[in-house]
Amino acid sequence: MGTSQQPLLNVRNLRVTLRNGLEIVRGVDFVAEAGKVLGIVGESGSGKSIMMRAAMGLSPSLSTVTGSIRLRGEELVGAHERRMQKLRGSKIGLVFQDPMSALNPVITIGKLIAEAVRLHNPDMSAAGVRRRTIELLDLVAVPQPELRANQYVHEFSGGMRQRVMIAMAIANNPEVLIADEPTTALDVTVQAQILEVLKNLQTRFSIGLILITHDLGVVAGTADTVVVMYAGKVMESGAVRDIFYRSRHPYTRGLLSCLPTISGNRSRLEPISGSPPLLSARPVGCPFHPRCSMAQNTCRSEEPKLRQVDDVLTACHFAESLRGVATGQWTSRAEHA
Ligand SMILES: Nc1ncnc2c1ncn2[C@@H]1O[C@H](COP(=O)(O)OP(=O)(O)OP(=O)(O)O)[C@@H](O)[C@H]1O
Ligand code: SF4
Ligand SMILES: [Mg+2]
């Protein structure tokens, strides 16, 4: 068991391998701290969801997980399923992308949240559960919570459903809240509102929030630190300002090129062409080389290691050559809405 001196979530050399030997997650390191927001960013298929599911003991049954994931010092890799069940929903809250498939349509919103409250508080009185349910709806800024608790999922908009998911995830005061693409299905204004709800909760209760997204714009105004993933590996990581303004990786810069700039002009960074490699056809060397305009022969044979270059950790053989090449002046999704 750990102490509060230990990092909230310390992930070291995390690997997720399918039975057929294909490695989906290939040695990932990161730390999530209490009261901070960690953004995990990467295109579709980069392994973000699988990685967090593995961390929470929810990896596909056909895979093995190795490495270390310590929650306040307690090792979660290899932990008993009963222990993981207890941790999920108590110390760790999970919010997924698609609230519709996760919320039972035939019971009221109030009952759904009450179930989450009761799961880890079986002795709480009915009145106590009801009080907590209303309080939770209020915390996620659902207007008229007493009234709305009696409604059903179909009576809630996409944004309101996502608030319900968040209310359920924080029902038992988790220390870590993992939100996997919580705003992807929502329009840009509602996205900003949901990010604000998450950010408010994280600050108020000093939660360690892990925000998983394919959109760097989502983490711009929200995260403290950012991990950029590609093909199951970390390409770059660092403080949010360093990633946005002093990135030393062509992949991060390609993701940045998709963001709106403060001047409203198109970014001068080069956008990424093509698509990420299939799991079964990952290129030798740097996994990004077929799409990278800076690629040289070394990139096609040697996989770069993550190393410190200036203010960031980066996995690029030619990171130094990006020194002095400005990225841009970005606006966050929240500001843009
Ligand atoms: N249950 C599974 N069994 C086998 N392979 C899987 C499974 N789930 C995902 N994969 C593969 O693992 C890789 C990473 O998937 P993952 O869902 O983690 O990506 P992601 O970064 O979360 O993408 P997205 O942005 O689309 O959510 C993909 O190549 C995917 O096809
Ligand atoms: S190692 Fe080479 S291919 Fe990979 S990102 Fe750097 S320059 Fe591009
Ligand atoms: Mg995903």
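Numbers below:
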| item | result |
| --- | --- |
| Any hit, region 84-99, residues being out of contact with any Asp or Glu (no Cβ under 9 Å at 6 or more places or on another chain), in a helix (DSSP H, G or I), farther than 25 Å from residue 206 by Cβ and among the charged types (D, E, K, R) | no |
| Filter pass, residue 142 being free of Cβ contacts under 8 Å to residues at least 40 places away in the same chain, among the β-branched types (Val, Ile, Thr) and out of contact with any His (no Cβ under 7 Å at 6 or more places or on another chain) | yes |
| Residue pairs meeting the criteria (Cβ under 7 Å; at least 6 apart or on separate chains; first part of a loop (DSSP other than H, G, I, E, B), in region 281-301; second within 16 Å of ligand 3 (Cβ to nearest atom) and of a type in the set (Phe, Trp, Tyr)) | 287/230; 288/230 |
| Sole exception among (1) surrounded by 16 or more Cβ atoms within 10 Å (Cβ to Cβ); (2) out of contact with any helix residue (DSSP H, G or I) (no Cβ under 6 Å at 6 or more places or on another chain); (3) not in a loop (DSSP other than H, G, I, E, B) for residue 77, by number | (3) |
| Among the residues listed as 61, 44, the single one being away from ligand 2 (no atom under 16 Å from the Cβ), within 15 Å of the chain's Cα centre (by Cα) and assigned to a loop (DSSP other than H, G, I, E, B) | 44 |
| Flag for residue 224 being of a type in the set (Asp, Glu) and away from ligand 1 (no atom under 14 Å from the Cβ) | yes |
| Hits in region 18-29 - residues which are away from ligand 2 (no atom under 16 Å from the Cβ), over 25 Å from residue 82 (Cα atoms) and touching a strand residue (DSSP E or B) at 6+ places or on another chain (Cβ under 6 Å) | 23, 24, 27, 28, 29 |
| Considering residues of region 277-301 that are near ligand 2 (Cβ under 10 Å from one of its atoms) and over 27 Å from the mean Cα position of the chain (by Cα) only, the residue nearest to residue 234 (Cα to Cα) | 299 |
| Of residues in region 258-274 being within 16 Å of ligand 2 (Cβ to nearest atom) and surrounded by fewer than 18 Cβ atoms within 10 Å (Cβ to Cβ), the one modelled with the lowest pLDDT | 270 |
| From 309, 284, residue being within 22 Å of residue 245 (Cβ to Cβ) and hydrophobic (A, V, I, L, M, F, W, C) | 309 |
| Output for region 191-248, where each listed residue is of a type outside the set (Lys, Arg), assigned to a loop (DSSP other than H, G, I, E, B), within 16 Å of ligand 2 (Cβ to nearest atom) and farther than 25 Å from residue 98 by Cβ | 247 |
| Residue in region 10-18 that is touching a residue at least 60 places away in the same chain (Cβ under 8 Å), surrounded by 17 or more Cβ atoms within 10 Å (Cβ to Cβ), over 24 Å from residue 315 (Cα atoms) and more than 16 Å from ligand 1 (Cβ to nearest atom) present | no |
| Subset tally (residues that are of a type in the set (Asp, Glu) and crowded, with 19+ Cβ neighbours inside 10 Å) for region 177-215 | 2 |
| Out of 274, 254, sole residue that is within 16 Å of ligand 1 (Cβ to nearest atom), without any contact (Cβ under 8 Å) to a residue 40 or more places away in the chain and within 22 Å of the chain's Cα centre (by Cα) | 254 |
| Every residue from region 169-182 that is out of contact with any Gly (no Cβ under 8 Å at 6 or more places or on another chain) and more than 13 Å from ligand 3 (Cβ to nearest atom) | 173 |
| Hits in region 197-219 (condition: under 30 Å from residue 283 (Cβ atoms) and among the hydrophobic types (A, V, I, L, M, F, W, C)) | 210, 211, 212, 216, 218, 219 |
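The values are calculated or read from the model by the stated rules, or taken from the named source; none is laboratory data. Computed from a prediction, not measured in an experiment: that's the story for all the values here. Cβ atoms come from the backbone with ideal geometry, glycine included; neighbour counts cover every protein chain shown.
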